[in-house]
1. Ignoring everything but the protein chains, give the 1.4 Å probe accessible area of I29 in square angstrom, nearest 10.
2. Contour minus end-to-end for H64 and T89, with contour as 0.36 nm per residue of separation and end-to-end as the Cα-Cα distance?
3. How far apart, in nm, are the 7 Å Cα→Cβ label points at V30 and V104?
4. What would the Debye equation give as log₁₀ I(q)/I(0) for region 20-82 at q = 0.17, 0.19 Å⁻¹, counting only Cα atoms as equal point scatterers?
5. Ordered by residue, what ³J(HN,Hα) values in Hz, to whole numbers, does region 102-111 give under the Karplus form 6.51 cos²θ - 1.76 cosθ + 1.60, where θ = phi - 60° and Gly and Pro are x?
6. Among residues other than E93 whose Cβ falls under 13 Å from its Cβ, what is the net charge (Lys/Arg +1, Asp/Glu -1)?
7. If one computes the Cα centroid of region 97-162 and of region 43-74, what distance in Å separates the two points?
8. With 20 Å as the limit, write out which pairs from K91/K111; K63/K141; K119/K150; K150/K170; K31/K111; K31/K72 have Cα-Cα distances beyond it, or answer none.
Amino acid sequence: MTAFCAFMITASAMLGQSEATESTLPDNIVKEMEYFVGDWTVEGDVLGMPLKGRWTARWSPRKHCLLITNPKSLGGEKILGHGMMGWDTEKEEILVFMFFSDGVFEVGRYKLEAPRVLKGTFVGSAKGEPFTATATVRTDKPEEWTFQTKGNTVGGRRVGELSVRFIRSKSKPKGKKK
C-alpha cells in the first residue's frame with residue numbers, strides 16, 4: 001500500500017508539471033466558447049411553463065472548459081443548476097452537461113455548423129423519463145443568444161418545442177462603483 005501511495009503522489013506531481021499553462025482548445029472553439037462567458041438573464045417557455053433565471057459562465061483555470069451556474073424558476077419552482085461546457089476532441093463537438101437540484105440532467109452535443117451557430121442533440125432525464133431533441137444555439141447577436149429545440153420527446157412521447165433567450169446582464173459586479 002505504501003508503494004502504491006508513493007506511486008500516486010509521484011504520478012500526480014509529474015502530471016501537474018506537464019499541464020499546459022494556456023488553453024489547448026482550438027482557437028476557433030475558444031472564440032465560440034468565449035462568447036458565453038459572463039452573466040445572462042434567462043427567459044423562455046419549457047413545455048408550457050414559464051422559465052426565468054440567470055446563467056453564468058466562467059473559464060476554468062487554464063481555459064480548458066467553462067463552469068456554469070444556472071439558478072432559475074420553472075413554473076414557479078426554484079431550481080439550481082451546475083454544469084460544464086468543453087470540447088470533445090475525438091468527435092469535434094462542443095459538449096455541455098448540466099445537473100439540476102430537481103434531479104434533471106441534460107447533455108448537449110453540438111457541431112459548429114457556421115460561425116455563431118451550433119447544432120446538435122439535446123438529451124437527458126426528467127423525473128425518471130428520458131428526453132431527446134435536436135437543438136440549435138445561435139450566438140449571432142452581441143448581447144443575446146437563443147437555445148431552441150425541435151422533435152422533442154419525453155418518455156418516447158412527442159412534446160412541444162423549447163425556446164429560451166439569454167440576454168447579457170448589464171448589472172455591475174457587486175462591490176464595484178462607477
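The values are calculated or read from the model by the stated rules, or taken from the named source; none is laboratory data. The structure presented is a predicted model; accordingly, all values stated were derived computationally and were not measured. When we count neighbours, we look across all protein chains shown, and the Cβ atoms used for this are built from the backbone with ideal geometry, even at glycine. Just the protein is used for accessible areas: all its heavy atoms, side chains included, with ligands, DNA and RNA removed. Shrake-Rupley method; radii C 1.70, N 1.55, O 1.52, S 1.80 Å.
1. That residue has around 0 Å² of solvent-accessible surface.
2. Difference between extended and current length: 7.8 nm.
3. Here the modelled spin labels are 3.4 nm apart.
4. -0.65, -0.74
5. Per-residue couplings from phi come out as 8, x, 6, 10, 9, 9, x, 10, 10, 8 Hz.
6. After counting each charged neighbour, the total is -1.
7. First find each Cα centre; the distance between them is then 12 Å.
8. Beyond 20 Å: K63/K141; K150/K170; K31/K72.
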